[in-house]
Amino acid sequence: MRIAMLSYHTCPLATLGGKDTGGMNVYVRDLTRQLGQMGIHVDVFTRSQDEHVPHVLHDLGYGNRVVHVPAGAEVPLPKPDLIAHIPTFAEGILEFARTKGIHYDLIHSHYWMSGIAAQHLKAAWNVPVVHMFHTLGHMKNRVAGFGEAEGEYRINGEQMVLKLADRIVAATPAELAQLQWLYKADTRKVVVIPPGVDISHFYPIPKDEARAFTEIPLDHQNILFVGRIEPLKGVDLLIQAIGMMTRQGLVNREKLSVTIIGGDPNVSRTEMTHEMARLQDLRNEYGVGDVVAFLGKRSQDTLVYYYSAADVLVMPSHYESFGMVALEAMACGTPVVATEVGGLAYLIKDGQTGFLFPGEDADALCHRLTALITNPIIQARMATQAVSHAQQYRWQEVASQLITVYQSLVP
């Protein structure tokens, strides 16, 4: 079986923590590797964003390729500007298939723009389309006060993809419900399959070894955030909670370190994103400049050390369709404290693998964090249960479920 995997707006090989890089990049990359290991040939097509990067790379192994298709200027572009180049992207894929003499049995598209590209390919190839949205425009607009609202063009595009796709993969029952209530989707086309985690890469590293790598003192309590630096991620809520913890004397600030991974904190203020500048100002406003460290982007290869070094991972997001970072942290034996939203409400077992707290409630976050990092017994119990829970999401299991979906559509 040959699969054409579409990841139009972002490359699965990109460094994580940038504006448009995150869980979806990891999903496409790791799923492609696992499918290759299971004998499924996959070509991942993404828009070329750097003319100096070879257009075809074999970084994912097993003969599977990442194909960078020129569509518009080969530089990063704002998402609204990308829409005009989708037809060129689709034509580039068709030309690649013609040149290579390849027949694809199925298209698996990711994010709504890739779904629009899939429409062109489906018409040309007459093959089924499996689609995963990863995030939904309607849901992002519900928390638009924490970021930019999505335009009507995205909602209309998502509706179009819902009609053309033969199967929709939802990450959680929550996403299935959102598709049903907000989009009136035909739920007979929707299957719930969660993302996976690479447990050969994400596993508990002894804390002393992880702390040596991350240069975090062994006698410190370490709180970790990993993700894009944007209002939707709620990092301001974390900084506020840390300020409360130190101000109220709930922890020893001399032995507390908060690590924030993502974004680019070391550029000049004129080049810095508005959210990064705002968070750095907020850190000073709450008097935790000596506690909270912005490290910037880190490669996926090094994240296992940061997860293993941390006493707790925090995801204070206002919206998460799933929460890949939380799953990776749990696989490393790190409990997670997260807002009770979207996929996080299903992924985190409250009181077992971490704690859930109500969104936008810094006081609740403060007390959940304090309860966890000041109680070694609870922390150790949750760490063990987190590792066990993450085993259910091994990529081999997830890919097997997706192959069953593929086989149901391909004669």
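No value in this document is a laboratory result; all are computed from the given coordinates. This structure is a prediction, so every number in the text was calculated from the model and none was measured. Every residue, glycine as well, gets a Cβ built from its backbone with ideal geometry; the counts of neighbours run over all protein chains shown.
Can you pull out the trypsin sites (Lys or Arg not before Pro) in segment 141-225 that DSSP calls coil and that have at most 10 other Cβ atoms within 10 Å?
On the way: sites: Arg142, Arg154, Lys163, Arg167, Lys184, Arg188, Lys189, Lys207, Arg211; in loops: Lys184.
Sparse-neighbourhood loop trypsin sites (Lys or Arg not before Pro): Lys184.
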Sequence-distant residues sharing a close amide H with Leu256 (under 5 Å, placed H): Gln221
Unit charges on C-beta of K, R, D, E only; dipole of segment 207-392, Debye: 220
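Dipole of segment 82-177, Cα-centred, from +1 at each Lys and Arg C-beta and -1 at each Asp and Glu C-beta, to the nearest 20 debye? All intermediate terms of the calculation are to be shown ahead of the outcome.
On the way: 8 positive and 9 negative charges, 25 e Å.
Using Cβ point charges on Lys, Arg, Asp and Glu, segment 82-177 gives about 120 debye.
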Normalised alpha carbon radius of gyration of segment 270-327 [divisor 2.2 N^0.38 Å]: 1.33
The chain - charge dipole about Cα centre, Lys and Arg +1 at Cβ, Asp and Glu -1, debye rounded to 20: 780
Neighbour-count ranking [beta-carbon atoms within 10 angstrom, fewest first] of Phe294, Phe322, Phe133, Phe213: Phe213, Phe294, Phe322, Phe133
Lys/Arg +1, Asp/Glu -1 at C-beta; the chain dipole; positive extreme among Pro194, Leu224, Ile40: Ile40
P(r) of segment 308-397 over all Cα-Cα pairs, binned every 10 Å from zero, in whole percent: 20, 54, 24, 2
Stokes-Einstein D (µm²/s) once Rh is taken as the Kirkwood radius of the chain over alpha-carbon pairs, at 25 °C in 0.890 mPa s: 112
Semi-axes of the equivalent ellipsoid for segment 182-286, Cα gyration tensor, largest first, Å: 31, 23, 16
Dipole of segment 207-392, positive direction: furthest Cα of Asn375, Ala310, Gln240, with charges on the beta-carbon: Asn375
Positive-end extreme of charge dipole, the chain - chosen from Ala331, Tyr111, Val410 (charges on Cβ): Val410
Relative contact order for segment 306-356, counting Cα pairs under 8 Å that sit 6 or more residues apart, in percent: 37
Measure of compaction for segment 349-411 (Cα Rg per 2.2 N^0.38 Å): 1.69
Scattering curve values for segment 110-170, log₁₀ I(q)/I(0), Debye with Cα scatterers, q = 0.13, 0.18, 0.26 Å⁻¹: -0.35, -0.61, -1.04
Residue-wise HN-Hα coupling along segment 336-353, computed from phi with Karplus coefficients 6.51, -1.76, 1.60 (Hz; x: Gly, Pro): 10, 10, 9, 5, 7, 10, x, x, 4, 5, 8, 6, 8, 8, 4, x, 10, 10
For segment 240-285 versus segment 72-93, the gap between their alpha-carbon centres in whole angstrom: 36
Average Cα contact separation per residue, segment 238-377, under 8 Å, 6 or more apart, as relative contact order %: 24
Amide H partners (placed H, <5 Å) of Leu6, local residues excluded: Phe45, His108, Ser109, His110
Nonlocal amide H pairs with Leu60, under 5 Å, H built at 1.01 Å: Val66
Rounded to 5, percent antiparallel among DSSP beta bridges of the chain: 5
Sorted by Cβ neighbour density within 10 Å, fewest at the top, the residues Ser200, Ser257: Ser200, Ser257
FRET E, pair Arg269, Asp350, Förster distance 41 Å, beta-carbon r, rounded to 0.05: 0.55
Charge sum, other residues only, whose C-beta stays under 13 Å from Leu369's C-beta, Lys/Arg counted +1 and Asp/Glu -1: -2
Phi-based couplings in Hz for segment 215-220 (Karplus 6.51, -1.76, 1.60; Gly and Pro marked x): 6, 9, x, 5, 8, 8
Protection-proxy order for peptides 298-304, 23-29, each taking the mean of Cβ atoms within 10 Å per residue, highest first: 23-29, 298-304
Normalised convex hull volume, segment 113-263, alpha-carbon set, Å³ per residue: 174
Vicinal HN-Hα couplings computed from phi for segment 363-372 (Karplus, 6.51 cos²θ - 1.76 cosθ + 1.60; Hz; Gly/Pro x): 5, 5, 4, 3, 6, 5, 5, 4, 4, 7
P(r) tail fraction, segment 207-392 - alpha-carbon pairs more than 20 Å apart, %: 49
Structure-based [θ]222 nm, the chain - -39500 (n - 2.57) summed over DSSP H runs of at least 4, per residue, nearest 500: -13000 deg cm²/dmol
Spin-label proximity, Ala277 to segment 215-254 - amide N less than 19 Å from point 7 Å beyond Cα toward beta carbon: 229-232, 235-236
Contact order normalised by residue count of the chain, Cα under 8 Å, 6+ apart, percent: 16
